[in-house]
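Data first, discussion second: the structure below is written as C-alpha cells.
The values are calculated or read from the model by the stated rules, or taken from the named source; none is laboratory data. Small disclaimer: the values here were computed from a predicted structure and weren't measured. Positions of Cβ are backbone-derived with ideal geometry, glycine not excepted, and every protein chain shown enters the neighbour counts.
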Amino acid sequence: MIMDHFSYKNGTLFCEKVSLKEIAQDVGTPFYCYSSAHLKEQFLAYKRGFGSRKHLICFAVKSNSNLAVLACLGALGAGADIVSGGELYRALKAGIPANRIVYSGVGKTEEEMAYALESGIAMFNVESMEEMKLLSNVAKKMNTQAPIAFRVNPDVDPKTHPYISTGLKENKFGLFMDQALDAYNMAYKDPHLLIRGIDCHIGSQIVEIEPFIHAFKRLKRLIAKIEENGIRLSFIDLGGGLGISYREETPPTPENYISAITKEAGDLSQTIIVEPGRSICGNAGVLVTKILYTKENDTKKFYIVDAGMNDLGRPSLYDAYHEIRPVEHVDSQKVQEADVVGPICETGDFLARSRPLPELESGALLAVLSAGAYGFTMSSNYNSRPRVPEVMVSEDKFYVVRKRESWKDLVALESIPQGGLC
Ligand SMILES: *Cc1c(COP(=O)(O)O)cnc(C)c1O
C-alpha cells in the first residue's frame, strides 16, 4: 500500500486498528477518514530534518482545515500557513498560537488584514506593491506596525501540473526578483511596516529536490542584496509543495528534503520556515464510498458510487490519479476495467477512468486513497449534496470530527423575500 497506516486485516481494509467497514456502518457513506498517526509521523519527519537549526513548520491550512487535524499538528509544535480570514479563525480556534502563523495569498482584504494584525500573526507574505500600501494604511489606522515578508517569484519550473505551478513568470503569484529590491527599500522607509523576512512558494506536488534548491539559491542571492542595504531579515520562508506518492511517484521524504534545504542554508542565521500541506496530510486520508449501481454496455463498465466530484474534485479538476481499493477483499480473480463515476449531472464527474478493478457488486465499499489533502477542503454542495463527514482515527478508536451536513443545513442561510418576487 502507498499509505502507511492503512492495511488489510483478514480481508478488510483498516485505518490503524479500526475497520473502515465498521466506520461506514456507524456514520454511513461517503466519508473521509484520517489517520492521526500518519499526520504525526509526517510532521515529526519534518522536524527531524531540521535537527537543531531554528525553524518553524507552518502547516498549509488549505490542504486540510479540519479543527481536529489543526489541533493535532498544533500540539506537536506546528504553526499555520493561512490564505484567508476564515483559515486564521480556524487556526486560532484549534489552539495554534498567532506568533506561529504566516499569512499568504494574492487577494487579502482590508478586513482580513485588520483581523490578522489584531491577532498578532508572525508575518504577512505580501504579494504586490498595492497590497503593501493597503497593509501599511490598515496598520497606520490601528496605530501599529505590520510584520511583513515579500513573496518573490523565483521563476523556477517545478515540473508539476500547470494548475499548481506558481513560481513561473507567467503565474500571478509574488513579485518578480527585479522588483523585490525596490519593494524592500520602500517598505524599510515605511514606519507602519516591519520587515521580518522573505518568502517564496514555487508550486505543489513537486517530487524532486532540485527545483526547491534552485529557488533557494536564487533567494539567497537576493537576500545578500537586501542585507547590503542594511535591512535585516529574521525569516526565510521557502513555502510548501513537497509531493506525495499517489501512484508510482517517488518523492523525497520530508526528512531528506529538509536536510537538503538546511545544507543549502549553510551558515545563514535566519529561522527557516516551510509551509507543507499535502506531504503531511495527503496520505493520511481516504474517501470511503459505496457502489450504488453497476452497469455495463459493450464498451464500458461503470461503477456508480455515492461520492462525486463535489466531494473529491481532484480527478475532474486536474485529471488526478487516486488509487481505488475495495474495502473488503474479493475472492474473484477476474479483473476488468471500469469507470468509477459519481451521481452528479456532469460527464466530468468521475473518480477514476478505465481502472482495472475486481468484479464488484452494488453495495460494495470502495476506498479512494491519498485523499487527505485538497479533498474535503475543496468539496462543495453542488447538486445540493450535503458535505460528507470527516472521521479521525487514533489507534483503536475513531472520532467524528465533522458531522455530515443535513438537508436543513443546505438551506439554513437562505430566505424567500416576503410576498415573493415573482
Ligand atoms: C498551497 C500552498 C502551500 C501548500 O502546498 P502543498 O503542496 O500542499 O505543500 C504552501 N504555501 C502556499 C503559499 C500555498 O499557496
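Can you say whether GLU255 is of a type outside the set (Val, Ile, Thr) and either more than 30 Å from SER379 (Cα to Cα) or away from the ligand (no atom under 14 Å from the Cβ) (or both), as far as the supplied structure shows? Criteria met by GLU255.
Residue-wise test of (1) of a type in the set (Asp, Glu); (2) assigned to a strand (DSSP E or B).
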{"site": "ALA373", "(1), (2)": "no, no"}
{"site": "THR377", "(1), (2)": "no, no"}
{"site": "SER380", "(1), (2)": "no, no"}
{"site": "VAL388", "(1), (2)": "no, no"}
{"site": "MET392", "(1), (2)": "no, yes"}
{"site": "PHE398", "(1), (2)": "no, yes"}
{"site": "VAL401", "(1), (2)": "no, yes"}
{"site": "GLU405", "(1), (2)": "yes, no"}
{"site": "LYS408", "(1), (2)": "no, no"}
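Here GLU170 clears all of (1) within 14 Å of the ligand (Cβ to nearest atom); (2) at pLDDT below 90 except the condition numbered (1). For THR289, the stated conditions do not hold, so it cannot be described as in contact with a Phe, Trp or Tyr (Cβ under 9 Å, 6 or more places away or on another chain), closer than 23 Å to VAL102 by Cβ and hydroxyl-bearing (Ser, Thr, Tyr). Could you please give the count of residues in region 235-259 that are surrounded by fewer than 17 Cβ atoms within 10 Å (Cβ to Cβ) and more than 20 Å from the chain's Cα centre (by Cα)? Number satisfying all stated conditions: 2.
Based on what the data block shows, is ALA215 away from the ligand (no atom under 11 Å from the Cβ), surrounded by fewer than 17 Cβ atoms within 10 Å (Cβ to Cβ) and either of a type in the set (Phe, Trp, Tyr) or closer than 22 Å to PHE124 by Cα (or both)?
On the way: away from the ligand (no atom under 11 Å from the Cβ): yes; surrounded by fewer than 17 Cβ atoms within 10 Å (Cβ to Cβ): no; either of a type in the set (Phe, Trp, Tyr) or closer than 22 Å to PHE124 by Cα (or both): yes.
Judged against the criteria, ALA215 is not a match.
When the residues of region 266-293 are filtered to those that are aliphatic (A, V, I, L, M) and surrounded by fewer than 18 Cβ atoms within 10 Å (Cβ to Cβ), the one that is nearest to the ligand (Cβ to nearest atom) is LEU268.
Per-residue answers, yes or no, for (1) within 16 Å of the ligand (Cβ to nearest atom); (2) out of contact with any helix residue (DSSP H, G or I) (no Cβ under 6 Å at 6 or more places or on another chain); (3) over 29 Å from GLY240 (Cβ atoms); (4) free of Cβ contacts under 8 Å to residues at least 24 places away in the same chain:
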residue: GLY372; (1), (2), (3), (4): yes, no, no, no
residue: SER379; (1), (2), (3), (4): no, yes, no, no
residue: VAL388; (1), (2), (3), (4): no, yes, no, no
residue: SER394; (1), (2), (3), (4): no, no, no, no
residue: VAL411; (1), (2), (3), (4): no, yes, yes, yes
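For region 81-108, the candidate set comprises residues that are touching a Leu at 6+ places or on another chain (Cβ under 7 Å) and small (Gly, Ala, Ser); within that set, the residue that is nearest to the ligand (Cβ to nearest atom) is ALA91. In summary, helices (runs of 4 or more DSSP H) completely within region 246-322 and bearing 1 or more residues that are β-branched (Val, Ile, Thr) occur at 254-265, 278-281.
Cβ-Cβ contacts under 6 Å between residues 6 or more apart (or on different chains), taken from a first residue in region 197-221 that is over 18 Å from VAL102 (Cα atoms) to a second residue that is of a type in the set (S, T, N, Q) and within 13 Å of the ligand (Cβ to nearest atom), are listed as GLN205/THR160; ILE206/THR160.
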